[in-house]
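Trainee: Quick one: structure below, then a few questions.
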Amino acid sequence: KTNTPFTIVIFGASGDLTVRKLMPALYHNFQKNRLPAGLRIVGFARRDWRDEDFREELKKGVQAHGASFEDAIWNELAPSIHYFRGDLDAAKDYRALQAHLDCLAPGATGCLYYLAVAPDFIGPVCAHLKAAGMAAETHGFRRVIIEKPFGRDLTSARALNREVHEAFAEHQVFRIDHYLGKETAQNIIFLRFANTFFEPVWNRRYVSNVQITVAEQVDVGRRGGYYDKAGVLRDMFQNHLMQLLALVSMEPPASLDADAIRNEKVKVLGTVRPISMADTVRGQYEGYRSAKDVAPDSQTPTYAAVKLFIDNWRWQGIPFYLRSGKAMIAKSSAIVVEFQPPPDVIFNLHGNQGFTPNFLSICIQPDEGIQLRFETKVPDTVAESRSVNMSHSYHEAFPGIVLPDAYERLLLDALKGDAALFARNDDIENAWHLMDPIIQGWDASSRVSPLEIYPRGSWGPKAADALLAKGGHAWRMGC
Ligand code: BG6
């Protein structure tokens, strides 16, 4: 529990994010008694609402999207929620907001700004905050949370970073990637470094390949306007998949401090070899072009798979396969670390058809857990073997504990000033370095890894299987 009185201002407070994610997360933190007394939550938007209207909207949001709702808790929290009508473009509205904040919470020290706004507004809102004297940390902390996309390529990401840094120093900036807030992603560091027996084999001598899958069953839905300009590499790879890749491949950080962790992530992403265009696959699900706000001849990929190599001591020569897509057969995110086969000398005379390689699956969602696949002798046979699982399931190991939504932890960390689970500017730039050439290569020629239309409810393009088969590998069903 933090003890500093603070204010959270949500810019763009009338949007979807506030009701679906931010308010349920704040509510649950309050319910768990993790927010300080004296907190103020202030929504800033253009709608003509009063405090009561805003509170009513948020209440409905928590009821619909939160894990549990109690009237008594809500009634305790509601008086600290306020609404301020303002225009993101109007300098005077920021000055008026500051005056309003001074009245609401005289003497409050910390202020966290959540920019739940369209990407084009991030720079201007930061500039307005600075001009209104709201960015300087003269009376307590001033922090800003920014949502992705952080630019559309390296150049625009750098420009955005410069704009943000005009107003805020890097230690004040929290770039949110909700994958880092997922319990199972946080656990990767624990799995690797709080145990003795995984780390010694976590390298090129024992690992044969690593697979990261983020498969979604949902399609683009009503987000066609945004998605058609973004595509899967900007929407999922540049951020979520690159972060998972860094967590699974980085060296042990010296501590859990934000910079200790982020230095290691930056170091490892900086050693990824430029990805060969021949090692990329792109796909689009059948029917995507008839989705709302999508161009009828759209070439935007809704699926991608890539093979990459990390040129460092630990991983040299070991392929990492990453894939993500929409409208796939299942919602399933997993990291699979596949191990080298054992020497083939003892069992080959007994007619074994070859063993399934040992692999460790880290199930990110939805069946959160960890599984180790290994060979065992089938009882009552001479020498028949079969692969079986050793499993850890969150739901069985921690009965009664509801896994918190990622935003719960991330908001709390931002309030405490702990940026370990947030991306740093160099992190973002490294990720664009890797994605940009693929996006450009695909845009420049339809012959480079041609767009394959895949059926809805499938595992995506066939070319993605061929990508692994080339290296003698196959996608493993992680969870
Ligand atoms: C978002 C993407 O960042 O992550 C969406 O913009 C995607 O397109 C979502 O659906 C996936 O998040 P989760 O938590 O449902 O896996």
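Trainee: Cα-Cα over 25 Å: which of K21/K307; K307/K331; K377/K470; K267/K462; K60/K326?
Mentor: K21/K307; K377/K470; K267/K462; K60/K326, as the Cα separations exceed 25 Å there.
Trainee: Given H placed on each backbone N at 1.01 Å, which residues far from G86 in sequence or on other chains put an amide H within less than 5 Å of it?
Mentor: Residues meeting the amide H criterion: A45, R46.
Trainee: While we're on this one: Quickly estimate the mean residue ellipticity at 222 nm for the chain, helices only: each DSSP H run with n ≥ 4 gives -39500 (n - 2.57), and the total goes over all residues, rounded to 500.
Mentor: Computed ellipticity for the chain at 222 nm equals -9500 deg cm²/dmol.
Trainee: Right, next: Please compute the per residue accessible area over the chain with all protein chains in place, 1.4 Å probe, rounded to a whole number of Å².
Mentor: For the chain, the per-residue accessible area is 45 Å².
Trainee: Report ³J(HN,Hα) in whole Hz for each residue of region 443-449, in order, from the Karplus equation J = 6.51 cos²θ - 1.76 cosθ + 1.60 where θ = phi - 60°; Gly and Pro get x.
Mentor: Taking θ as phi minus 60°, the curve returns 5, 6, 8, 7, 8, 7, 6 Hz for region 443-449.
Trainee: Still on this structure: Once R0 is set to 45 Å, what does the formula 1/(1 + (r/R0)^6) return for the Cβ-Cβ distance between V448 and T138, expressed as a FRET efficiency to the nearest 0.05?
Mentor: 0.25
Trainee: If you don't mind, another one. Check cross-link reach from K92 to the lysines: straight Cα distance under 26 Å, and skip same-chain residues fewer than eight apart.
Mentor: Cα-Cα hits under 26 Å: K130.
Trainee: If amide H atoms are built 1.01 Å from N in the plane of the peptide, which residues on other chains or at least 5 residues away come under 5 Å of the amide H of V9?
Mentor: Correct list: V42, L112, Y113, Y114.
Trainee: Pop out the carbon and sulfur fraction of the accessible area of the chain as a percent, whole number, probe 1.4 Å.
Mentor: 53 percent
Trainee: Same structure, new question: Once both axes come from the Cα atoms, what is the angle between helix 122-131 and the longest principal axis of the chain, in degrees from 0 to 90, rounded to 10?
Mentor: Rounded to the nearest ten degrees, it is 40.
Trainee: Which of the cysteines found in the chain have nothing to pair with, since no other Cys Cβ lies under 4.7 Å from theirs?
Mentor: C103, C111, C126
Trainee: List the trypsin sites (Lys or Arg not before Pro) within region 421-479 that DSSP assigns to loop and that have no more than 13 neighbouring Cβ atoms inside 10 Å.
Mentor: R447, K462, K470
Trainee: With all distinct Cα pairs included, what does the Kirkwood hydrodynamic radius of region 263-342 come out to in Å, to one decimal, could you say?
Mentor: Evaluated on region 263-342, it is 15.3 Å.
Trainee: What residues have an amide H closer than 5 Å to that of V207, excluding those fewer than 5 places away on the same chain, when H is modeled at 1.01 Å from N in the peptide plane?
Mentor: Q340
The values are calculated or read from the model by the stated rules, or taken from the named source; none is laboratory data. What you see is a predicted model, and the numbers here were worked out from it, not measured in a lab. Methodologically, a virtual Cβ is constructed for each residue, glycine included, from the backbone with ideal geometry; neighbour enumeration extends over all protein chains shown. Side chains are part of the model used for accessible areas, which takes the heavy atoms of the whole protein and leaves out ligands, DNA and RNA. Shrake-Rupley method; radii C 1.70, N 1.55, O 1.52, S 1.80 Å.
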